[in-house]
């Protein structure tokens, strides 16, 4: 279902601060910390700057992650929508009430994007490297991962995914599309 | 050699030359549909056409099992890539990609002719609200590209209806069975299903693509489909016909060598058979332009029946009597026998099965020629002092048995009563009306096919709506009217969906209506502006939309040629046919749960019919079987009349027919005794029993069963029958229904005729 392409642009969430600080901060260390997480939930506020529109769209809702591969995004405003990623299946309910269920592997654009978020959360560096060129910077409290898609079809759409965070919590995901459109998702973890 | 003899030889050799000349130019066919009917009913015609060449007949179903899911997906992708490069396939569907690029382009360009778009102010407002909601959602990017051109989302709507992607399971990027255990590929061959050579080539491509893709992944492949069945059937048929013909020939030759102890006599016996077979093949070729493999296979028929003539002549010729004297004596009986056989076989000429018509012509011409060669050529080739067997051997003993056989008449009566009772008790369960039972495809292959089709969902095209009209335009309008009937039924759950040619080629009337309903630019701009009021869209992004709608208002209507180069064009070819000057639409229905309700809804519409392939084909078989029964009765009736006219005595005629009647009843009883049912092939076998067996009865009635002459007659009958039983009996070993159905019946029936004939033979005074 082509209309689902790019769904992953919005899929992200915070992993709660379950991990302990490590000696020396690196991408490997961050990933190792991420792997300690069993799951988490968060609120998000997403601002989308779309060139078709005169003003950004503001969406809000909740994100839930359960290790190692379940991710759910429930949008509450402006229109209710649920998107679930479970293993290789992407399913949910659209704003108009339609149910859908597709296999992400048959849509490599979605797959690559979703893996970006999910692999970060799961601390799966190997998978992350398969799909992206990775640039990492910052320190333990303010780090930044820049992901540039490798696959041609994805690269045509998405320029860069930037994940910002501190400790093992993701604070913000910024996606830059090739047509100049941009989305910024600010994430506030629920305190357990 | 007499002058008449020389002329006979000359004519014979000339005839053989011509026959061989015709045969070497003859194409041989194994199209199994020759044994499907030529039906006058248009709906049935469509059905047969569908079976032969429809889209269903061109599908090859590939299932990949074993190995890991990733292995299967890898093999599927690699095979599909290889097969897409092949010219043998019109379409390869393994779940990758979805609706093809050419199709998307056609839909994209012509969307406002293909569907009725609501471009009113209210409609636009509703669509823009949805677009905005989609931009807010995670599902935004695809629509983002098309919102400016197609804000109401018509393209997506059409693609979704056509691709039905939601119905199937995709794992690791390829189509899999619902339980995930098989990767599935649906290949559509370019060639018709009955073009077995092309199907074989396509199958070969699939196998090569698999071999090149499988590496050491442990993945195994299963392939099924009508074309594959055709290929397998031809191979099986070739194998069986070759094997059993050679086996029968070897057995008959050994038997004849054993009896006559002379290769020369054997050669002479084969002369009428061979001449008859060649003449028969040539006649069929001239009449039809091709000869079916089964017709050739039934050359064995001729060996069984026409060998008899030479056997009668040879065996009944002693050194004292000489061949000419024997001929003078037996010719009237032999001639009558040939005539009777011809009457029996002639019934086949009226069959709806091309294959049986061919068999009828083959046998009639073959028998006539064999009899003529026996009468005019053989005596010339025999030495003056020829004797069939050096001495009568065991013949007197045989004659003694026949002379005492009359004692068994009460037993025969008892058997007849038992057999009749058995048949009567099974009269409601006597006939095999399932087309699958006639199929030469093994039960295991049929099961595999069913499983794969089940996994793949729809394409067994069991239920369909067939609509006919005088021309395409009227037909497409009819299809559009059907939308109004069917869409509510889909909503109500009577079926899950259907295909219609008007989806991608609407009638001109409908296209004009849609064009006329499109607003002109000024109106559209005004309504769009009104709809955009208060929304965050930039107005300028909708300029392409205004342009496209304006262009659509001027567009020339879509024609069939507009689809050239798309996969939809092939789909149209399979759904919009031309038959006998009329246009025919095939609308396959998916997952029908309430056929009665659909039938009811269609009842009021003219020239539209709900067709259930299974019910229809079983019904067709039922019609055929009635036809075969009618033909068999007709043949028997003509034989009875012929005999009565010849003997000028109903009593003698009855005496000739009585053993045949017994044999037919007893054979039926034997065939159904094990719980089996009678097939149409058994019926044709019974017709052959009457045709062949009548010769025995004539000799028993007219042969003068006394003295050495009588002994030789009985020997010749026994020998002739053994040849027939052997010739047909070995066919009974085949697993192909048409071969064992006819072979077994004839072997049993003729043997019973001989025994009954002997028992009922008149006592010599």
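The values are calculated or read from the model by the stated rules, or taken from the named source; none is laboratory data. On a predicted model such as this, the values are computed, not experimentally measured, just so you know. Cβ coordinates were reconstructed from backbone atoms using ideal geometry, including for glycine residues, and neighbour counts include every protein chain displayed.
The rows are residues; the columns are (1) more than 25 Å from residue B:69 (Cα to Cα); (2) crowded, with 17+ Cβ neighbours inside 10 Å; (3) modelled with pLDDT of 85 or more; (4) at the interface with chain B (Cβ under 10 Å from one of its Cβ atoms).
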position: A:66; (1), (2), (3), (4): no, no, yes, no
position: A:75; (1), (2), (3), (4): yes, yes, yes, yes
position: A:79; (1), (2), (3), (4): yes, yes, no, yes
position: A:94; (1), (2), (3), (4): yes, yes, no, yes
position: A:110; (1), (2), (3), (4): no, yes, no, yes
Segment B:559-570, residues that are free of Cβ contacts under 8 Å to residues at least 40 places away in the same chain and either within 14 Å of chain A (Cβ to nearest Cβ) or in contact with a helix residue (DSSP H, G or I) (Cβ under 7 Å, 6 or more places away or on another chain) (or both): B:569
Of all residues making up segment B:704-733, the number that are in a loop (DSSP other than H, G, I, E, B) and crowded, with 23+ Cβ neighbours inside 10 Å: 0
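Among the residues of segment B:658-680, write down those that are within 25 Å of residue B:333 (Cα to Cα) and surrounded by 20 or more Cβ atoms within 10 Å (Cβ to Cβ).
First pass over segment B:658-680, keeping only residues within 25 Å of residue B:333 (Cα to Cα): B:658-664.
Residues satisfying the conditions are B:659, B:660, B:662, B:663, B:664.
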Count of residues meeting criterion [surrounded by 15 or more Cβ atoms within 10 Å (Cβ to Cβ) and over 22 Å from residue B:558 (Cα atoms)] in segment B:499-524: 1
Any hit, segment B:657-669, residues being farther than 19 Å from residue B:346 by Cβ and not in a helix (DSSP H, G or I): no
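Residue by residue, here is whether (1) in a helix (DSSP H, G or I); (2) assigned by TED's automatic domain parsing to the domain that holds residue B:13 holds:
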| site | (1), (2) |
| --- | --- |
| B:223 | no, no |
| B:229 | yes, no |
| B:235 | yes, no |
| B:240 | yes, no |
| B:254 | yes, no |
| B:268 | yes, yes |
| B:276 | yes, yes |
Output for segment B:165-219, where each listed residue is in contact with a helix residue (DSSP H, G or I) (Cβ under 7 Å, 6 or more places away or on another chain), farther than 30 Å from residue B:292 by Cβ and either free of Cβ contacts under 8 Å to residues at least 24 places away in the same chain or part of a helix (DSSP H, G or I) (or both): B:209, B:210, B:212, B:213, B:214
Residue, nearest to residue B:475 (Cα to Cα), within segment B:532-558, restricted to residues that are without any contact (Cβ under 8 Å) to a residue 24 or more places away in the chain and away from chain A (no Cβ under 14 Å): B:556
Lone unmet requirement of (1) at the interface with another protein chain (Cβ under 7 Å from one of its Cβ atoms); (2) in contact with a helix residue (DSSP H, G or I) (Cβ under 9 Å, 6 or more places away or on another chain) for residue A:55: (2)
Selected residue (criterion: modelled with the lowest pLDDT) from residues of segment B:80-113 that are over 30 Å from residue B:509 (Cα atoms) and within 14 Å of chain A (Cβ to nearest Cβ): B:98
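If you scan segment A:83-92, which residues turn out to be free of Cβ contacts under 8 Å to residues at least 12 places away in the same chain and surrounded by fewer than 17 Cβ atoms within 10 Å (Cβ to Cβ)? Talk me through it step by step, then tell me what you get.
First, pick out the residues of segment A:83-92 that are free of Cβ contacts under 8 Å to residues at least 12 places away in the same chain: A:91-92.
A:91, the sole residue that qualifies.
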Verdict on residue B:48 being touching a helix residue (DSSP H, G or I) at 6+ places or on another chain (Cβ under 8 Å), part of a helix (DSSP H, G or I) and at pLDDT 85 or above: no
Residues satisfying the stated conditions in segment A:28-55, i.e. buried (at least 16 other Cβ atoms within 10 Å of the Cβ) and within 17 Å of residue B:134 (Cα to Cα): A:46, A:48, A:50, A:52, A:53
Residue in segment B:739-759 that is outside any helix (DSSP H, G or I) and touching a helix residue (DSSP H, G or I) at 6+ places or on another chain (Cβ under 8 Å) present: no
